[in-house]
Amino acid sequence: MSLGYYFLLPVIFSFLTPYFRKLGTSALRGSSVFLTFILFVQTLEYTGVSLPQISQFSVAPPIGIAFVLDNFSLLFLLIFTFSGFMVSLYMLWYFKANDNTNETRFYVFFNMLLAGSIGMILSCDIFNVYIFFEITGISSYALAAYNKDKLGLEAGIKYLIIGSIASIFIVFAIMLIYLQIGTVNIGLIAQRYSEIDPKIAVLIALMLFIGFGTKAELFPMNFWAPDIYQGSSSHVNGLFSAIVAKSYLFVFFHLFYLFGLNTKYTLLIMSLGAITFLVSEFTALNQKDIKRLFAYSTLGQLGILFMALASNSSDTISGALFHLASHSISKLLIFLVLGILISKFKSTKITIVGDFKSLFLSIVLIIGFLSILGIPPFSGFIGKILILKGFALSHNYIAIAFILLVSIVEAVYFFRLIALMLDKKRTKTSVPVGFVNYIVLSVLAILIVLFGVYPSLLTHYTDLATNALLQPHSYLQFALGVGL
Amino acid sequence: MLDFFNSNETIHFIITVGSMLLFTIGLYGIFTQKNLVKVLISFDIMESALFLFFIGLHYNFGLVAPIVDGSDKTFTNMVDPVPQAMILTTIVIGLAVLALGLSFGIEYFRLTGINDISKMNELRD
Amino acid sequence: MNSIFLLLNLLPILFLYQFGGDLHVSLSLTKEFTLSLSQTPLGTFFAYLSLISFLLVTIAQKSKKTSFSYYALQFLLSIAMLAIVLAGDFITFFIGWEIMTWSSYFLISKSSDIDTKSLQKYILFSLASAFSLIAGMVIAYSFANSFDFNVIQNSFHTMPFNIKVALIVLFSLSFFTKAGVIGLHYWVVDTYSKAPDLFSSILSAVMSKMGIYGLFLVYGHLVGYAELKDMFGVILNGTDFGYVLGWIGVITSIIATFKAITQDEVKRLLAYSSIAQLGYIIAVIGMGTSFGVAGAMYHTLIHTIIKLLLFINVAAIVAQTGKNKFSELGGLIYRTPVSFVMLLIGIIALAGMPPLGGFASKFMLYNAAIDSKFALILVGMLFSGAASFLYCYKLVYGIYLGHPTSKDLETQKEVPISYLIPQVILALLLVATGAFPGAFIKVINPILIEFSLNTIPYTSMGVMQSAVGNFNGLFIISAFVVIFVFILLLIWRIKSKAKNNLNRFDISYCGEVPSKNTQLHYGYGFGTDLYRIKFVNAILKRSSSPFYEALATQTKKTAGLLSRMYYGNIHNTMIIILLFFSALYFIGVN
Amino acid sequence: MIFQIILLIMLAYVVGFIYMGLYRNITARIQGRYGPTVYQTFYDSIKLFSKKNSVSYGWMFYLGPVIMATGAVLTLILVPVFSDSDFLRSVTTQGNLFLLLYLMVLGPLGNALAVGTGGNPFGVMGVVRGLTRLIGLELPFYIAVVGLIIASNSSDIVHIIDLQKTTGLNILVHPFLFIAAMISMVGFFGASPFDIPGAPQEVYSGPRTEFSGKFLALLMSQGSIFAFAKLVLIIDLFLGGADSLWMLVIKTFAIFITIIFIGIVYGRYKVEQAVDFLMKIPTLIGVIGLVRIIWFG
């Protein structure tokens, strides 16, 4: 299968959604499951193929779309397609158990979101990256607001405004690049980035930094993020946290290393990542709204990822990628469980965590929590220790101390939730889980445990991805092969 | 005198200054306006400024539009088509965002009667 | 269910026995991480200690209605501890450590009187301990390029001095927290007192010992006592390092002892006593001499036995009467005589009285201090020991002696047999260690060899050798028994008849005749008069809780302050982004 | 050996009671009273042993005094009475100074158990006061003992005695330790100013409130045996032991009379005052002696 289908299939499905709706709700839901399943299986097939691979096809020459899949993007592709698959399965239950008047709208934008985020990580043309960036953006604004309720719309509007700012920065940066070098091919830009007038280079770098950093929720550009998470539905938050934020993160660091910005900006990004981590974990302590709480938690984890990914050392980056994968799975798990609880209790107070009675949900939720906290034998532990080990190997002890100290703050609210869950004095209501959710949540939980006890399953890919990120020769060769 | 205006440098200068002025107007709008529609308009002004800037800088005096109609097979004397294609795409995207934003705004206004973005603060701690 | 888990708990013991001290397995997780088990004499000792404790506690659980998940978590906990003590590298150690942390957390949460605050205290301190450990282990990795204990041990002396100190401090902090050194003990008392009653025995007897194991591992194995001596120099006959640790331990022990005396809740008293007893161990663990290590090992063993015995005893009483305060108990001696005798044996050992095993371990501790000439530390230890008589007496008096404080206490029956079986076994162990104090030397000597220290001379099972004289436990206990029986017979034979079972109100009471409503149980109040002693008052009125409360408040305030940034105004957010860009641009361009 | 032990117990019993009598007599004379005869306590003991009835509150009440007496006797036989003689040497070598320190507390513990069983609040009050006082009382004594152990590098009492033949008596070599130990000893003998636990005039009767008949007799006898043992211990540690019966009597009497004279001129401290005092002056003196040994010895 050509890489182009990664983009085309979701788009086609997205456009066909109203038609599927006419065929019936099961066709609609089934189509999405089918799509994400195909994409996921296809991605699994790529794990056995020698990479990078390229697919190129023209829309209107000379503007063609060229996709390059290297090991770095493969890891993200795996995460995205897997998360998408899980969410689409989950939605089978969700729309059955809840109001489904907005179902069509959700699937349109869900498929579009997949198209956009996958396109963003596969595209080797910075302008196409921008286009996919916008597609992802528009579909996530729409997903935030798809219920057309007050909070959702507010979230959508806020997201849209922030997205517009980010896109202006990115457009500006791309224009400046084109004016300076006359190309939008990432490979060529990477080769010739050093030829740019230093003052303009700083401007371009900063604009890209602000543009993608805003979307990737880096402090101090992330004041909007908790609002969006609070306003959106829980499963949408799962998508934001597992797919959307990660795709921006991908572009951020892909360009960061390709353009050789790592020599100059490492310290800046690391310290901003650290501040993100610190501020969000502290802020999370006071939250009363469960979705907002986990928004802060997501911000915090992204902060760690920023710290680790910017660190320039292959050990840390490999750990960070592991952590990223683990975080995606765990957060998805948590948000999906929260979705079940919220749809039961019609409330988003943190106390709902203490009100339900379901052994299965408690166990998977606790697994998710412990994994994010980095407690063995769950996958988050391996991620965290790999990151810390990487920092230790580069003798960056301040980062280690920082991460560990702030992690204690993180533990405060996670264990407050767990204590709430274990509190026997609360009256508990039993919660229907749904057959599909048993499967989805157990798969996620099992993966968390599996990566925790048998990490080489994943470290294999993260190591390859790290190599691909830090030594992008083969990527560049392929990217340069694209005529433009 | 006219030659002065016909030189590339002058045109580029005027375009740069003009579009940056326009950009500043948009920026001013963002900084001061709180009405959602006005904010969206400000964004569009900024975007338009960028489009003008980009297209304008790629226009050199004496070149024609890059339209291939089949009769002329030589691609000389044309402006670089890439920026134009890019801007076209960006305009489409900008339009989509604008439309989405306005529809959000309308829906939100219907529900709450608020169109001031600084008063949209139901989502907070 | 109980029998199933009893068998399950037997399995690891058999497994360990089967391997006969030579278990070396490793399993590669990733290219850097290996899970490896590697049995050392030290680990074997702690493994048996914890496994047998779990077995005994499981026996006691027979008559208490216990859910499957409780048993399962407890079994998981025992396996985690096994992983800790058999670990051959830090990854295994840490995984075991954390599984221990969360499985015990869930076990504690199953208690009926646990509250969120105590749970939070427990888990946060445990995690702080774990994070300190993780920091130490990654720093060690950055120099040794391996998590394997042996590799770290071999490359330790090549590390820079400040890294060595940092490692020792980090590891010590981690394990001190687990053992509950004063200042880091904030979680201990609440947790021990509010945990499920039988689980408190595991917490105090076994889990705190994992901290001690960690200290042994670091000081004896990873760093090595010789290296400690080289690093920090020598004071008197011991190391500087040991001297500092000695004071830490002694101060812990003294403060906790006085705190224990003033407690009203039985399990809180035991918790403080646990802190105090671990203080002794910490006081000698850093001395770097054979006697230091032997004393610490011996006291580890004895304290485990005693605390298991006492906590099981108290758990039985609490289960039987439903009361857990001295002010609500009393006068149970003739209702639950066997329990009383068991507790009596326990406190005699806890006070370090001859002829039971408690004295043997205290003797070893004191010898260690004498050996290093740490006289003031020794005096401190003796002093704390003297003060501990008070809480020992409070324990036995408050529960069993004096008068019953309520009617239902007068009709109590003896506790179920399943509680008594482990207690009897443990009491016999205390008698055995008292009679054969030398026997344990045989267990300690391989560990001393492992730490490359001189072995302790062993003459016979009954005799405990030391640098400054020895004592014959077998002789003492037989002399005690002979004299005891002799005097008993003598006084028995004296003609005068004792009027037995006198009415308990038939006491001399200033001419008054006490009635049922007269408060006669003096027990729960005692200890309060200690406040009148200046020195003790100075200790008692201080507490670590204001510090931690203030820390929590400050954290909350900081959180409040920081969260005001996220106040949901999108307009300001936009402006901040733009201003941030301009700021960065100006910095970047200039 | 058994014969020797019984002999020793008898000796201790007699000497102890005579000293007790002397204590009462001398105190009375100093206070300007006539006082009981020297043998009065001895008679009391005999009388109590032969009383027909005694009150018991159950078996623990019975066992308490026995434990106490056992502690006293065990202490007695483990303290070498005569230096340079094989008298009970095979027994004394089985123990050491640490063991003795702890055996000395076994008595109060047994007492406390029995008192607790009796259930008289005044008795328990006395016990608690006693145990609280013990905190302060032990401290200077421990310091002294630890100092001696470190100075002579042995916790074997026989060795400590032997060593004094070459280095000189410990009372001269380590005077600070001796003073500290002596102040403690005043308390151990229940003499003023540390006699609050018994405090007959104030708290009814203290720990012994409920005891009568043979139990009280046993308590008194063990008290006198124990007093003798303590005196012997002091002379062993500081005065080089005694090589003959006469020396033993003279030396113990000297110590004993000192204790009386110290005690008699002071009023009674309250518990907290006693502990406060003991933690300050004698402890400080002891610490000076100890520091002298470790750092300058």
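Read-outs: derived from the displayed coordinates by stated rules, not from any lab. In this text the structure is predicted, and so the values were computed from the model without any measurement. Neighbour counts are summed over all protein chains in view; Cβ atoms, including those assigned to glycine, are modelled from backbone coordinates with ideal geometry.
Listing for the model above:
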| item | result |
| --- | --- |
| For C:Trp187, D:Trp295, order by how many other beta-carbon atoms lie within 10 Å, fewest first | D:Trp295, C:Trp187 |
| Karplus-derived 3J(HN,Hα), 6.51/-1.76/1.60, for each residue of segment C:256-267, Hz, glycine and proline x | 5, 4, 5, 4, 4, 4, 8, 6, 9, 7, 4, 6 |
| Listed residue (C:Val244, C:Met159, C:Gly180) projecting farthest to the positive dipole end of segment C:114-263, Cβ model | C:Gly180 |
| Order by protection proxy (mean Cβ within 10 Å, highest first), peptides D:252-260, C:50-58 | C:50-58, D:252-260 |
| Loop trypsin sites (Lys or Arg not before Pro), segment C:410-506 (other Cβ atoms within 10 Å of the site Cβ: 16 or fewer; DSSP) | C:Lys413, C:Lys495 |
| Cα centroid separation, segment A:225-261 to segment B:2-39 (Å) | 32 Å |
| Number of partner chain Cβ atoms within 10 Å, mean per residue of A:414-423 | 5 |
| Per principal axis, descending, Cα span of the protein assembly as shown in whole Å | 145, 64, 60 |
| Between segment C:1-63 and segment C:87-116, the alpha-carbon center distance in angstrom | 16 Å |
| Dimensionless Rg ratio for chain D, taking C-alpha atoms and the 2.2 N^0.38 Å reference | 0.97 |
| Solution diffusion estimate, µm²/s, Stokes-Einstein, segment A:4-480, Kirkwood Rh from C-alpha pairs, 37 °C, viscosity 0.692 mPa s | 148 µm²/s |
| Exercise: per-residue mean of other protein chain Cβ atoms within 10 Å, C:531-539 | 4 |
| Segments D:53-64, A:25-36 sorted - mean Cβ within 10 Å per residue, highest first | D:53-64, A:25-36 |
| Peptide-level mean, for B:105-117, of C-beta atoms on other protein chains within 10 Å | 4 |
| Partners for D:Lys214 among lysines (Cα-Cα distance below 24 Å; same-chain residues under 8 apart left out) | C:Lys495, C:Lys497, C:Lys499, D:Lys47, D:Lys51, D:Lys52, D:Lys230 |
| Length-normalised contact order of chain B in % [C-alpha pairs under 8 Å, at least 6 apart] | 26 percent |
| Cross-link pairs beyond the 18 Å C-alpha cut-off, checked among C:Lys307/C:Lys362; C:Lys259/D:Lys270; A:Lys150/A:Lys291 | C:Lys259/D:Lys270 |
| Given charges at beta-carbon only (K, R positive; D, E negative), |dipole| of chain C in Debye | 1560 debye |
| Mean-position separation - Cα centroids, segment C:353-385 and segment C:291-319, in angstrom | 17 Å |
| Given charges at beta-carbon only (K, R positive; D, E negative), |dipole| of the protein assembly as shown in Debye | 5240 debye |
| Where N is the number of residues in segment C:369-519, Cα Rg divided by 2.2 N^0.38 Å | 1.54 |
| Highest-first arrangement of A:173-179, C:515-521, A:67-73, A:268-274, where packing means the average Cβ count within 10 Å | A:67-73, A:173-179, A:268-274, C:515-521 |
| Percentage relative contact order, chain C, counting C-alpha pairs under 8 Å, at least six apart | 13 percent |
| Contact order relative to length of segment C:224-496, as percent, for alpha carbon pairs under 8 angstrom and 6 or more apart | 22 percent |
| Principal-axis tilt of helix C:375-400 within chain C, Cα atoms, nearest 10 degrees | 60 degrees |
| Value at 222 nm in deg cm²/dmol, rounded to 500, when DSSP H runs of n ≥ 4 in chain C each add -39,500 (n - 2.57) | -22000 deg cm²/dmol |
| Nearby aspartates and glutamates by direct alpha-carbon distance to A:Lys425 (threshold 16 angstrom, same-chain neighbours under 8 apart not counted) | A:Asp355, C:Asp113, C:Asp115 |
| Residue among A:Val11, A:Ala216, C:Thr405 farthest towards the positive dipole end of the protein assembly as shown, charges placed on Cβ | C:Thr405 |
| Of the DSSP H helices in chain D, those whose Cα atoms cover at least 27 Å axially and whose Kyte score averages -0.5 or more | D:2-30, D:59-78, D:97-118, D:121-152, D:213-238, D:245-264, D:271-296 |
| Set of aspartates and glutamates near C:Lys110 by C-alpha distance (under 12 Å), chain-local residues within fewer than 8 positions excluded | A:Asp423, C:Asp197 |
| C-alpha long axis of helix B:36-57 to longest principal axis of chain B, angle in ° | 10 degrees |
